[in-house]
1. Out of all the residues in region 220-247, which are free of Cβ contacts under 8 Å to residues at least 24 places away in the same chain and within 13 Å of residue 270 (Cβ to Cβ)?
2. With the condition being at pLDDT 90 or above, I'd like the helices (runs of 4 or more DSSP H) fully within region 14-60 carrying at least 2 qualifying residues.
3. Filter region 191-243 down to residues that are farther than 20 Å from residue 160 by Cα, touching a helix residue (DSSP H, G or I) at 6+ places or on another chain (Cβ under 7 Å) and not assigned by TED's automatic domain parsing to the domain that holds residue 172, then give me how many there are.
4. Looking at region 151-183, which of its residues are touching a residue at least 40 places away in the same chain (Cβ under 8 Å) and farther than 17 Å from residue 266 by Cα?
5. Exactly one condition in (1) modelled with pLDDT under 90; (2) within 30 Å of residue 135 (Cα to Cα); (3) part of a helix (DSSP H, G or I) is false for residue 4; which is it?
6. Within region 174-205, work out how many residues are touching a strand residue (DSSP E or B) at 6+ places or on another chain (Cβ under 8 Å) and surrounded by 13 or more Cβ atoms within 10 Å (Cβ to Cβ).
7. Within region 182-199, how many residues are in a helix (DSSP H, G or I) and closer than 22 Å to residue 104 by Cβ?
8. Given the criterion surrounded by 15 or more Cβ atoms within 10 Å (Cβ to Cβ) and either modelled with pLDDT under 75 or within 20 Å of residue 177 (Cβ to Cβ) (or both), identify the matching residue among 83, 63.
């Protein structure tokens, strides 16, 4: 291959022309813009305290939460066709978890923490876009074509994971852990920071789990994993998902299935993506 052909394979051979410090300067500005987006959105969340806390963060702890009411109606529907199933088994009556604050600045610090977290969640699509802008010049043109739509799909999957966790996993976990006791003489008094930590960690973790197809795409592309490897480990993944579902949901099979099915479906989609990428990679090597 001649030297004249090389520049056509990269965007002006930007990766080779730029020095390490120029790359670092570019990275710095991408980070600055991302941080500014998080700060601005965090300020918006901070001044929207009632919306963020009353209607979003604290909503899953009530029996009136939309998911809890939907599960109750679902249980009643199942009972109509399955006599052995109790119509009230998925209903949670008069549950309203009481939270306490035990430090002077506790509520203010929680307010700041949640505002920053909300800013990060809302800014995720823009942060992913900034990451893509930094990485894009280092890719060959055919690599850019194969990764077209990466920003959209990464953002879409993360948001879907956030919503899935918030509307299903979080209320199930809060109801189970908040009402569980070892003895009737022990009353649950949940600290505000403990509740917030549970909601935030579950929500963010599941959002990252839903990025599995994206991770599988890139790991297959660089040859770290193969579709055969994922298929061989399908049984182990099923066991892991069922164990996780059993831990974070109440002790009934329906709640576990509601959580496990989407996660297993995500794994199967990842296998299909890996197979497609692996096939294209093999065809490229043959050429």
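The values are calculated or read from the model by the stated rules, or taken from the named source; none is laboratory data. What you see is a predicted model; the values in this text were computed from it and never measured. Here the Cβ is made from the backbone with ideal geometry for all residues, glycine too, and neighbour counts use every protein chain on show.
1. To start, the set of residues in region 220-247 that are free of Cβ contacts under 8 Å to residues at least 24 places away in the same chain comprises 222, 224, 228-229, 232-233, 235-236, 239-240, 242-247.
Listed by number, the residues that qualify are 229, 233.
2. 20-47, 49-52
3. Result for region 191-243: 10.
4. Result: 166, 167, 170, 171, 172, 173, 174, 175, 176, 178, 179.
5. Residue 4 satisfies all of (1) modelled with pLDDT under 90; (2) within 30 Å of residue 135 (Cα to Cα); (3) part of a helix (DSSP H, G or I) except (3).
6. First pass over region 174-205, keeping only residues touching a strand residue (DSSP E or B) at 6+ places or on another chain (Cβ under 8 Å): 178, 189-192, 195.
Still in the list and also surrounded by 13 or more Cβ atoms within 10 Å (Cβ to Cβ): 178, 190-192, 195.
Residues flagged as touching a strand residue (DSSP E or B) at 6+ places or on another chain (Cβ under 8 Å) and surrounded by 13 or more Cβ atoms within 10 Å (Cβ to Cβ) within region 174-205 amount to 5.
7. Quick first cut of region 182-199, residues in a helix (DSSP H, G or I) only: 192-199.
Then drop every residue that is not closer than 22 Å to residue 104 by Cβ, which leaves 192-197.
Within region 182-199, residues that are in a helix (DSSP H, G or I) and closer than 22 Å to residue 104 by Cβ number 6.
8. Values: 83 fails: surrounded by 15 or more Cβ atoms within 10 Å (Cβ to Cβ).
On inspection, the qualifying residue turns out to be 63.
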